[in-house]
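*Asks:* This structure is in structure tokens; I'll ask about it shortly.
Computed from the coordinates by the stated procedures, all read-outs in this text should not be read as laboratory data. This one's a predicted model, so the numbers in the text were calculated from it and none came from an experiment. Every residue, glycine among them, receives a Cβ derived from its backbone with ideal geometry; neighbour counts consider all protein chains shown.
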């Protein structure tokens with residue numbers, strides 16, 4: 001009797017286990033599983049999975065666009081990483097929306113805000129609709145094409161209402177951040193400390209290296225200047241467009257011929273090359289060298305022609321300067337250098353130049369450093385490739401730290417931005433930690 005009972009139990013267990021193996025997951029039920037909940041909002045597996053898919057595709061795009069490599073969206077480790085990121089993003093979104101509601105920030109939206117929200121949403125929707133028209137049946141036209149594109153966006157949950165909701169949430173997030181950081185300030189002592197730190201760092205980097213300073217200084221603030229740096233302005237007279245194109249095309253021929261010379265020489269130098277291969281390589285080398293010589297000759301001739309075409313214009317500018325024309329007025333009118341045009345800081349201060357710097361054309365640097373005294377103006381100077389320089393020596397860069405007053409507000413704004421960002425991030429993380437939202441990560445792995 002006991003044996004029969006045990007046998008019966010084994011049969012029941014076997015049938016039960018076999019039955020389990022035959023049970024198939026209901027996709028709709030699985031998609032509706034609750035992964036996490038907060039403040040009355042349930043987030044389903046389908047909603048999380050949508051975020052996971054987005055994370056994976058976005059990462060794959062970034063790898064392709066910026067690194068030129070592939071990203072395996074099916075790799076379990078990558079999927080797990082995307083799941084963590086998606087859940088973290090959802091938690092953050094839930095907590096921020098709850099805080100926005102708790103603070104009643106929606107009532108702070110102005111008429112101007114509401115108008116901006118609608119305009120932003122409409123612009124985004126119109127762009128999406130244009131894209132959608134390229135993704136649907138291309139035999140459609142007119143209203144039929146419009147309807148198909150609208151349906152495409154509806155299926156993608158990208159209606160105008162969706163864009164308006166996104167724009168509204170974005171504006172509310174701005175209001176939340178502004179509320180959180182409104183009391184963050186920067187003291188004078190903090191500004192002084194930051195200034196001292198930057199001065200010391202720049203002195204260490206550039207104190208005995210004027211060339212490095214000049215390479216870095218144009219367009220950015222360096223907090224300590226070494227000796228040996230001067231400031232110059234220039235009037236650049238560029239080649240005519242057609243001459244520049246001809247010179248550029250000729251230089252491309254030089255590059256191509258150089259590549260052929262290199263390839264032939266590599267074959268000649270290769271240890272495993274046969275006599276037949278070397279003989280052919282020698283012929284190729286001679287042909288490439290002849291091609292290179294012809295290309296270099298063409299570049300020289302076209303370059304001379306390009307300079308000849310701007311000689312008269314350049315000479316006229318030089319004559320005006322000799323006759324007493326105001327440098328800055330003439331520079332604003334004549335220069336073709338964007339850095340010397342009205343509105344640019346360098347048009348006021350001049351470029352920082354020093355012996356041995358490499359970020360500027362050597363012809364420009366040599367001419368600038370060859371001027372003897374402040375106020376001196378160079379003759380026309382041939383650049384390496386694109387026109388004449390006329391250079392004026394306007395000042396010596398004062399050795400030592402930049403005056404604090406000249407950078408005080410810039411430092412204050414930079415410090416304030418950093419402190420606000422840090423304070424906001426810390427506050428949001430504290431809110432998320434305090435919320436204690438639990439996520440069923442195992443359900444995502446099923």
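*Asks:* Neighbour counts of other C-beta atoms within 10 Å: give me 253, 233 arranged from fewest to most.
*Replies:* 253, 233
*Asks:* Rounded, prolate or oblate: pick one for segment 156-241, where a ≥ b ≥ c are the square roots of the eigenvalues of its C-alpha gyration tensor, a/c under 1.5 means rounded, and failing that, prolate if a/b is larger than b/c, else oblate. Before the final figure, lay out each step's value.
*Replies:* Numbers: a/c = 4.17, a/b = 1.58, b/c = 2.64.
Oblate, since a/c reaches 1.5 and b/c is not below a/b.
*Asks:* What does the C-alpha gyration tensor say about the overall shape of segment 171-296? Classify as rounded when a/c is under 1.5, otherwise prolate if a/b is larger than b/c, or oblate. Please list the in-between numbers first.
*Replies:* Values: a/c = 2.57, a/b = 2.46, b/c = 1.05.
Note, shape of segment 171-296 comes out prolate.
*Asks:* If segment 65-166 were replaced by its equivalent ellipsoid, with semi-axes equal to the square roots of 5 times the Cα gyration tensor eigenvalues, what would those be, largest first, whole Å?
*Replies:* Semi-axis lengths for segment 65-166 are 29, 28, 12 Å.
*Asks:* Separate question: Test of understanding: ordering 100, 390 by Cβ neighbours within 10 Å, fewest first, what list do you get?
*Replies:* Details: 100 18, 390 24.
Going from sparsest to densest Cβ surroundings: 100, 390.
*Asks:* By how many degrees, between 0 and 90 and to the nearest 10, does the Cα long axis of helix 160-181 differ from the longest principal axis of the chain?
*Replies:* 70 degrees
*Asks:* Also: On a 0 to 90 degree scale, rounded to 10, what angle separates helix 142-155 from the longest Cα axis of the chain?
*Replies:* With rounding to tens, the tilt is 60 degrees.
*Asks:* Relative to the longest principal axis of the chain, what angle (0 to 90°, nearest 10) does the C-alpha long axis of helix 188-206 take?
*Replies:* Long axis of 188-206 versus the principal axis of the chain: about 60 degrees.
*Asks:* Given a cut-off of 15 Å, what percent of all Cα-Cα pairs of segment 255-320 lie beyond it? Could the numbers behind the result be given before it?
*Replies:* Numbers: 1347 of 2145 pairs.
The answer is 63 percent, as a whole percent.
*Asks:* Pop a pseudo-label 7 angstrom from the Cα along the beta-carbon direction at both residue 294 and residue 151 and give the gap in nm to one decimal.
*Replies:* Using points 7 Å along Cα→Cβ, the separation is 6.2 nm.
*Asks:* With each pseudo-label sitting 7 Å past Cα toward Cβ, what's the residue 435-residue 174 distance in nm, one decimal?
*Replies:* 2.3 nm
*Asks:* Quick one: order 426, 84 by neighbouring beta-carbon count within 10 Å, fewest to most. Could you put the intermediate results ahead of the total?
*Replies:* Details: 426 11, 84 15.
Ascending number of Cβ neighbours within 10 Å: 426, 84.
*Asks:* Separate question: In whole angstrom, how far apart do the alpha carbon centroids of segment 154-223 and segment 71-102 sit?
*Replies:* Their Cα centres are 26 Å away from one another.
*Asks:* Then there is this: Calculated from DSSP H runs of 4 or more alone, at -39500 (n - 2.57) each and per residue, what is the 222 nm mean residue ellipticity of the chain, nearest 500?
*Replies:* Details: 16 runs with 294 residues, N = 446.
The helix contribution divided over the chain gives -22500 deg cm²/dmol.
*Asks:* Calculate the tail of P(r) for segment 108-182: the fraction of all Cα-Cα distances greater than 20 Å, expressed in %. It would help to have the intermediate numbers written out before the result.
*Replies:* Working: 1179 of 2775 pairs.
So the pairs more than 20 Å apart make up 42 percent of the total in segment 108-182.
*Asks:* Under 1.5 on a/c is rounded, so check that first for segment 380-446, then, if it is not, pick prolate when a/b is larger than b/c and oblate when it is not; a ≥ b ≥ c are the square roots of the alpha carbon gyration tensor eigenvalues. Provide the component values of the computation, followed by the final result.
*Replies:* Details: a/c = 7.45, a/b = 2.21, b/c = 3.37.
Because a/c hits 1.5 or more and a/b fails to exceed b/c, segment 380-446 counts as oblate.
*Asks:* Segment 201-273: D in µm²/s via Stokes-Einstein (Kirkwood Rh, Cα pairs, 10 °C, 1.306 mPa s)? Don't skip to the end; give the middle numbers.
*Replies:* Numbers: Rh = 17.0 Å.
Stokes-Einstein gives a translational diffusion coefficient of 93 µm²/s.
*Asks:* When all alpha-carbon pairs of the chain are counted, what percent fall beyond 36 Å? Write out the running numbers ahead of the final one.
*Replies:* Working: 62970 of 99235 pairs.
For the chain, the share of Cα pairs beyond 36 Å comes to 63 percent.
*Asks:* For segment 279-409, what is Rg from Cα atoms divided by 2.2 N^0.38 Å, rounded to two decimals? Walk me through the intermediate numbers first.
*Replies:* On the way: Rg = 20.3 Å, N = 131, 2.2 N^0.38 = 14.0 Å.
That works out to 1.45 for segment 279-409.
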